[in-house]
There are 2 protein chains.
Amino acid sequence: MSINSQDVISNSGIIINQDKELYSFNLDTILLYNFAKPAKKGKIVDLCAGNGAIGLSLAAKTKAPIYLVEIQKQLADLSQKSIAENHLEQQVYSINDDLKNIQKYIDHDTVDTVVCNPPYFKLGDKTVIKDNPVLAIARHELKANLTDILSTIKVVLKENSHAYLVYRPERLSELFSIMTQQRLQPKKMRFVRTTKSKDANLVLLDLIKTVKEASLKVEPDLVIYDDQHRLTKEASLIINGK
Amino acid sequence: MSINSQDVISNSGIIINQDKELYSFNLDTILLYNFAKPAKKGKIVDLCAGNGAIGLSLAAKTKAPIYLVEIQKQLADLSQKSIAENHLEQQVYSINDDLKNIQKYIDHDTVDTVVCNPPYFKLGDKTVIKDNPVLAIARHELKANLTDILSTIKVVLKENSHAYLVYRPERLSELFSIMTQQRLQPKKMRFVRTTKSKDANLVLLDLIKTVKEASLKVEPDLVIYDDQHRLTKEASLIINGK
């Protein structure tokens, strides 16, 4: 296993082992960690966990057991090492398997919170996998598509429990359509923009599993840079913890 | 027919006859008029046209024929009067019928632009219709629901042509799901907020009829008031024309 970086998200205090040649966490990860409100008790699942950056860091927010589900062995191995280094063996568990097999490990309707930073890109002519297959799987729907991911969230979540996602606005219509098919309803949504006059480049979603209709709140945008290209006060607090 | 007000949207120069006891246009109407980009040629349809405020005003933006479809006679009569007063008999036509009968008047796959400010509210225990049935029908899904409206848009629009909608963010997931069922894809979306730190209270949507997937752009928000509760520069330009 190659480790070439140890990083910490915001002010979580949890060390994340990374191999930047494979895949390392980025702004999306930090924003989703900050947006997610994990249950204080019960069971937490990080789907498409990668090197476990979000799920591990959530140990700073909750005492509940956290399961990291990641198909790629190199990334799951990194998260296993981080679990040990942070002495979180009694709280955080790495599951190195396809999320479609999740019921081997976790019963349906038993999870209190899911967090997920899924691959954003569909397979297509422009999908480049030859240079870095690990990164390609993390970014493109090579191993799991949106329906696979949302149906897994539906299966494991308890009724009325929350999942937190980060995604691309470009595919929001498809995301909502598949969510509806899976009885998942968005409750809160927050767009992220580089500056306030730019189109949104990310969306943060708080959704619940329910048979009822839900009313969506579109919260104030998170703007990363001000007009002088300085981090905004809120972005600085999220990214640098101050 | 009772007329107690004549108003003009932005700087369109088109007079709109209104009966404020029935229903009169509001900020939603003005915003949708400004957001819509009607085709220069072909055929324009204003669905759920009310007193015709948007469709009539679009005559300031295009020379194409404009059809106002409105189920309520009192409102269609007002738009008929406005058509005459603005000397638009050769461009704007009032159709006083249920939108479900639209194919009596307009062939399928022939329309270049649709604009629509639909009723926002589902029927429920809180639907109050006794005081003002005209307003109740304009606001609540008493005569047409979201599926009726979106399927009508799908039927009349040409392939790859645009529809412009104003709606409530609370029902965005349902809107996108039904749009997907009707082969309508959002292309651009803009949220409207009273101030930048408030949840969005309206959403403006530019959608197309297509069998392909479309990529959604979430444009910068339209903020109505600044921190001193003055109209922002952009809102003032849209609402007051300066």
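The values are calculated or read from the model by the stated rules, or taken from the named source; none is laboratory data. Treat the numbers as computed from the prediction; the structure is a model and nothing was measured. Neighbour counts are summed over all protein chains in view; Cβ atoms, including those assigned to glycine, are modelled from backbone coordinates with ideal geometry. Side chains included, ligands, DNA and RNA excluded: accessible areas come from the protein's heavy atoms. Shrake-Rupley method; radii C 1.70, N 1.55, O 1.52, S 1.80 Å.
Selection of the stretch A:153-183 for residues being away from chain B (no Cβ under 12 Å) and under 17 Å from residue A:120 (Cβ atoms) yields A:153, A:163, A:164, A:165, A:166.
Answer with yes or no whether residue A:177 is open to solvent by less than 30 Å² (accessible area, probe 1.4 Å) and of a type in the set (S, T, N, Q). Judged against the criteria, residue A:177 is a match. Among the residues of the stretch A:226-236, just one is open to solvent by 20 Å² or more (accessible area, probe 1.4 Å) and either at the interface with another protein chain (Cβ under 8 Å from one of its Cβ atoms) or under 28 Å from residue A:153 (Cβ atoms) (or both), namely A:234. Note on the stretch A:186-199: residues that are under 30 Å from residue A:160 (Cα atoms), in contact with a Lys or Arg (Cβ under 8 Å, 6 or more places away or on another chain) and open to solvent by 10 Å² or more (accessible area, probe 1.4 Å) total 2. On the given criteria, is residue B:163 buried (at least 19 other Cβ atoms within 10 Å of the Cβ), in contact (Cβ under 8 Å) with a residue 12 or more places away in the chain and assigned to a loop (DSSP other than H, G, I, E, B)? Spelling it out, it is not the case that residue B:163 is buried (at least 19 other Cβ atoms within 10 Å of the Cβ), in contact (Cβ under 8 Å) with a residue 12 or more places away in the chain and assigned to a loop (DSSP other than H, G, I, E, B). Residue count for the stretch B:187-225 satisfying the condition of being in a loop (DSSP other than H, G, I, E, B) and within 13 Å of another protein chain (Cβ to nearest Cβ): 17. The sole residue among A:202, A:172, A:146 that is under 28 Å from residue A:68 (Cα atoms) and either open to solvent by 60 Å² or more (accessible area, probe 1.4 Å) or touching a residue at least 40 places away in the same chain (Cβ under 8 Å) (or both) is A:202. Residues in the stretch B:20-52 that are open to solvent by 10 Å² or more (accessible area, probe 1.4 Å) and acidic (Asp, Glu) were compared, and the one that is nearest to residue B:77 (Cα to Cα) is B:21. Does residue B:147 qualify as being away from chain A (no Cβ under 11 Å) and farther than 29 Å from residue A:121 by Cα? Considered against the rule, which asks whether it is away from chain A (no Cβ under 11 Å) and farther than 29 Å from residue A:121 by Cα, residue B:147 comes out as yes.
Number of residues in the stretch A:83-103 that are more than 20 Å from the chain's Cα centre (by Cα) and within 17 Å of residue A:158 (Cα to Cα): the value is 0. Would you call residue B:136 without any contact (Cβ under 8 Å) to a residue 40 or more places away in the chain, farther than 24 Å from residue B:11 by Cβ and open to solvent by less than 50 Å² (accessible area, probe 1.4 Å)? The answer is yes for residue B:136.
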